[in-house]
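Okay, so here's the structure we're looking at.
The values are calculated or read from the model by the stated rules, or taken from the named source; none is laboratory data. These numbers come from a predicted model, not from an experiment. Virtual Cβ from ideal backbone geometry, glycine too; neighbours counted across all protein chains shown.
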Amino acid sequence: MASNRLKMSLLPALQAILDTGSVTRAADQMHVTQSTMSRTLSQLREALNDPILVREGNHIFLSEKARQVQPLVSKLMADSETLFENQHFDPVTSEHHFRIGSGSVILDHFLIQALIDLKQIAPGISCTVSLPDEGTIYSMESGELDFGVIVTLPDTTESLCKEVITTASFNVLMRKGHPMSGRETLDLTEMDQYPFVITQAVIAASPYINGLREQYGFLSNPWLKLPSLHAALKAIRSNDAFTIVTNVEYLAMDLFEDYVLLPTLSDSPSLKFELVWPEHWQFNQAHQWMRGFLIGRLQEFFRQHKG
C-alpha cells in the first residue's frame, strides 16, 4: 500500500515529463531543481519498467509506452484536480494554470487582450499559449493542452468537447486592384497564372491545398512558403500574388481596406472556428469558468467584426 501511495505521489512529475518531454522543462514546471527531477525520473522508470524518455541522435522523445499512458495520466490528474478544486473554486483566488493552443492571428488580435483582461478578474490564473500545428488535436487528446482556439476541418474534433464560435470558410486573399479582384467566381486555370503564397500558420488550409493539388493539379508550385500571415500579407500587397486563408483571419485582422477576399471552389469543406477541450476537463469548475470567459469574449469579438 505504501508503495502504491508513493507511485501516486509521482503522478504530477510524470505528467510534467510527459507534457514537456524534458527533465529540465519538467523541473521548471514543477518548481524543483533538475537533479530532483532526474531522481524522480529514475523512480518513475523503475515503477513503470520503462525509460519514458529515449534519446535518438541529438533529440529526446517519449517512449512508446509513455505516449500510450499519457492520456490516462492526464485524465487522472484532471480528475484529482476536479475533485478538490470544485469544492472551493473562486476565480478571484484560483491559481489554476491553463495551456492553450491558438493561431497567431487570434492570439495577436483577440486572445492576448482577453488574457490581459483576465488578470483583472482572476489575478492568480496563469496561461501558457502555444501556436497550433498538425499535432494540436493529439496534444489535447493526450492532455498536453487544455484548450484549443482553432479553425477545424469536419470530423477532426470528434473526440473532443467543443463550442462553435462562428462558421468559417476557405477564401482566396489578394490585394485590391489585383487582376482577379473583380471576379465573382474564380477560375483555376487563371489562378495558376499568378504566384501563390502558402501561409503555414493557417493550419487547416494545408490538407485543403493538398486536396486541390491531388484533384486538380492546382497550386503545385508555390512561390513562397511563409510561417505567418503577417509575412504573407506583405508578400501579396505589392504584386499579383495571392494566398488562401479562412474568413476568420480576414475578420480578425480587419483587412477590408487593402485586401479582397474571394470564394474558393464550391466544393470546399465547411469549417468551424471552435473552442475545443479534452473530455476529462468537462466538469472541472475552473475549466468551466475559463471556457465561459473565453467563449463570451470570442463570440462578442466576432459579432462586432461581422457587424
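Looking at the range 83-90, can you tell me whether even one residue there is loosely packed, with under 13 Cβ neighbours inside 10 Å and part of a helix (DSSP H, G or I)?
Checking the range 83-90: at least one residue is loosely packed, with under 13 Cβ neighbours inside 10 Å and part of a helix (DSSP H, G or I).
Taking only the range 132-143 into account, find how many residues are touching a strand residue (DSSP E or B) at 6+ places or on another chain (Cβ under 7 Å) and of a type outside the set (Gly, Ala, Ser).
Total meeting the criteria: 3.
Taking residue 202 as the residue in question, decide whether it is surrounded by 15 or more Cβ atoms within 10 Å (Cβ to Cβ) and either within 19 Å of residue 262 (Cα to Cα) or of a type outside the set (Lys, Arg) (or both).
Details: surrounded by 15 or more Cβ atoms within 10 Å (Cβ to Cβ): yes; either within 19 Å of residue 262 (Cα to Cα) or of a type outside the set (Lys, Arg) (or both): yes.
Yes.
Check off (1) surrounded by 13 or more Cβ atoms within 10 Å (Cβ to Cβ); (2) over 25 Å from residue 14 (Cβ atoms); (3) not hydrophobic (A, V, I, L, M, F, W, C) for residue 120 and give me the number that stays unchecked.
Going through (1) surrounded by 13 or more Cβ atoms within 10 Å (Cβ to Cβ); (2) over 25 Å from residue 14 (Cβ atoms); (3) not hydrophobic (A, V, I, L, M, F, W, C) one by one, residue 120 breaks only (1).
Restricting to the range 162-193, give me the number of residues that are of a type outside the set (Val, Ile, Thr), crowded, with 17+ Cβ neighbours inside 10 Å and not in a loop (DSSP other than H, G, I, E, B).
Counting residues in the range 162-193 that are of a type outside the set (Val, Ile, Thr), crowded, with 17+ Cβ neighbours inside 10 Å and not in a loop (DSSP other than H, G, I, E, B) gives 7.
Restricting to the range 189-241, and then to whatever is among the charged types (D, E, K, R) and in contact with a Leu (Cβ under 8 Å, 6 or more places away or on another chain), can you tell me which residue is nearest to residue 268 (Cα to Cα)?
Per the criteria, the residue is 213.
Identify the residue in the range 126-150 that is surrounded by fewer than 21 Cβ atoms within 10 Å (Cβ to Cβ) and in a loop (DSSP other than H, G, I, E, B) and, among all such residues, is modelled with the lowest pLDDT.
So the residue we want is 134.
Taking the condition at pLDDT 85 or above and either under 20 Å from the mean Cα position of the chain (by Cα) or not in a helix (DSSP H, G or I) (or both), does residue 262 pass?
On the way: at pLDDT 85 or above: yes; either under 20 Å from the mean Cα position of the chain (by Cα) or not in a helix (DSSP H, G or I) (or both): yes.
Considered against the rule, which asks whether it is at pLDDT 85 or above and either under 20 Å from the mean Cα position of the chain (by Cα) or not in a helix (DSSP H, G or I) (or both), residue 262 comes out as yes.
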